[in-house]
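Okay, so here's the structure we're looking at.
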Amino acid sequence: MAASEQLKRLVARIPDPAGDGRYTNLDLEKVRQIEQVVDELARAAGPSALGLVDLLVEPGRGDDVKAHFALHLLAVRVTQKGNEKARTEFAEAVASQIGGDRPKAVQAYLIEQLQLAGTKAVTAALGKVLLDPALCDTAARALVAIGDGAPEQLLAAWPKVQGRSRISVLQKLVGLRVPRAAEAFRQGLGDADPEVRTAAAWGLARLADASAATALLAAAESRQGWERMSQTDACMVLAEGLAAAGKKDEAAAIYGHLVKTRNDPAEGHVRTAAEKALAALQKTAAAGAEEGFRPLFDGRSFAGWKTTGSTAKSWKIEAGLLVLTGGSDHLFTEEKFEDFILRFEWRPLKPGYNSGLFVRGRQIQMAQGGAGMLFGSKEAKAVPDLHNPPGQWNTWQVTCVGTKLALEVNGRRAWEIDNFKPASVPLGIEAEGHPIEFRNLRIKTVGKAPP
């Protein structure tokens, strides 16, 4: 729809940008002016969006800075809580303007706003744009941001796209980690483009599908240079995911193959890593068999853990790992424990991490700088020097028997106290908004210590 004179006057009320065309260092009065304009636009989000779109022009064809700014601010506004109806109207209005004759630069900007404020209802429109090489990557990123409905559109486009679009679509499917993309990844392994082949290998690896092992190993064997290295890394990731999911025999087969075939000195680091991983698998298997530990996490579901409607905002299961994605929804076991030995591995993904393990209702810190500290205890202090940096796995053993509580970190005793109040309560993992991965959670219940 053509922008009305009223809308044009409203947009004109937005203060002029700085000399570089950006809105930075705004004073309070200018912020208030802008907020008033956005308030009026939001009263009719759909029509306002259509009018603003009509004010956008191809770069170099006119001044549309204020219209660009207004459309983006409207996209931000409709994503706020309580604006669901406005968001739907905005997204559908903007989506109706892509895929037509508007300049590609304008359409790309509209798709960026859908990346911010899009809904499942507009994924079909974005799916059609995937077939436009000039807009494919932008549309694919918007689909991933929306999430719901994205895999279907990407998979539908996969057989039709070519060139860089083919790489973009496959890479986005890799990031989504949807099992139904496995066939696309298998097809990609035989593609003429090495980037497509590499993306396909990583897609299969991250699905932790044991049936993909033969194809991945064969693909790595048939390549040279950087592609062989990248596809070999994918094989290692697949083995790691299988091991975390409890498929230790399948993981051992991959590690064993790499130990036998990576004989070139340039690949010595691969052989060494595979040997260490294989030895660790064998050690874990032996320890589990001897000591009678049972898994707390099956690598596939939240079985044994209490979940709510908000659990998915903080937790997911990925490649056999229990993944804390952020949020603040703590996770607790359904079963209660009093006397036990708990073993598990955890890996923070970014500096500044923060989480914790709840034992008998008290927390052992899993935060950078404070990892290992038991809240409320002067004796059980933090042991940051025993922990590995972000990106590397840490192994914890927590022994809780009678009034004794002990922590071992990466094979070394951190501390032991003898004043821990007995209680039978669920174990828990704290969510503090930081991404952390967990694997190999296993427990053995034991009898109480003698008096």
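Taking 7 Å steps out from each Cα toward its Cβ at D264 and K120 produces label points 4.8 nm apart.
In a shell of Cβ-Cβ distance under 15 Å around A3, excluding A3 itself, what net charge do Lys and Arg (+1) and Asp and Glu (-1) give? Spell out each step's value before the answer.
Values: positive: K8, R9, R13, K66, R102; negative: E5, E40, D54, D63, D64.
Result for the local shell: 0.
As a fraction of the 1.4 Å probe accessible area of the chain, surface on carbon and sulfur atoms comes out at 51 percent.
Here's the picture: charge each Lys and Arg Cβ at +1 and each Asp and Glu Cβ at -1 in the chain, and of I146, P435, L342 the one pushed furthest to the positive end of that dipole is L342. The angle between the Cα long axis of helix 104-117 and the longest principal axis of the Cα atoms of the chain comes to about 50 degrees, rounded to the nearest 10.
Each residue of the range 59-76 is assigned a 3J(HN,Hα), and the resulting list reads x, x, 9, x, 9, 10, 4, 5, 5, 4, 4, 5, 5, 5, 5, 5, 4, 5 Hz, derived from the Karplus form 6.51 cos²θ - 1.76 cosθ + 1.60 (θ = phi - 60°), x at Gly and Pro. Computed 3J(HN,Hα) for the range 294-301, one whole-Hz value per residue from the Karplus formula 6.51 cos²θ - 1.76 cosθ + 1.60 where θ = phi - 60°, is 10, x, 9, 9, 8, x, 10, 8, glycine and proline marked x.
The aspartates and glutamates within cross-link reach of K85, meaning a Cα-to-Cα straight distance under 19 Å and a gap of 8 or more places when in the same chain, are D39, E40, D148. For the chain, the relative contact order works out to 9 percent when only alpha carbon pairs closer than 8 Å and six or more residues apart are counted.
Placing T198, T403 in order of accessible area, with the largest value first and a 1.4 Å probe, yields T403, T198. The distance separating the Cα centre of the range 204-238 from that of the range 1-51 comes to 51 Å. Among the GluC sites (Glu not before Pro) in the range 262-370, those located in a DSSP loop and surrounded by at most 15 other Cβ atoms within 10 Å of their own Cβ are E338. Computed from backbone phi, the HN-Hα couplings of the range 415-426 come to 5, 8, 10, 10, 9, 8, 5, x, 6, 10, 9, x Hz, rounded to whole numbers (Karplus: 6.51 cos²θ - 1.76 cosθ + 1.60, θ = phi - 60°; Gly and Pro given as x).
The candidates K306, K316, K336, arranged from most to least accessible area with a 1.4 Å probe in the full protein assembly, appear as K336, K306, K316. Axis angle, to the nearest 10 degrees, between helix 268-291 and the longest C-alpha principal axis of the chain: 60 degrees. Excluding residues on the same chain fewer than 8 positions from K248, give the lysines whose Cα lies under 22 Å from its Cα. Here the lysines satisfying the reach criterion relative to K248 are K260, K276, K283, K316, K444.
Computed with every protein chain present, the accessible area of K350 is close to 120 Å² [probe 1.4 Å].
For the chain, the C-alpha radius of gyration sits at 1.20 times the compact-globule guess of 2.2 N^0.38 Å, with N the residue count. What does the charge count around E221 come to, taking other residues whose C-beta lies under 11 Å from its C-beta (Lys +1, Arg +1, Asp -1, Glu -1)? Its environment carries a net charge of +3.
Ordering A181, A86, P194 by the projection of their Cα atoms onto the charge dipole of the range 82-218, which places +1 on the Cβ of Lys and Arg and -1 on the Cβ of Asp and Glu, puts P194 at the extreme positive end.
The values are calculated or read from the model by the stated rules, or taken from the named source; none is laboratory data. Because the structure is a prediction, the values reported are computed rather than measured. Cβ sites come from the backbone with ideal geometry, for glycine too, and all protein chains shown count toward neighbours. Please note that ligands, DNA and RNA were not included when accessible areas were found on the heavy atoms of the full protein model with its side chains. Shrake-Rupley method; radii C 1.70, N 1.55, O 1.52, S 1.80 Å.
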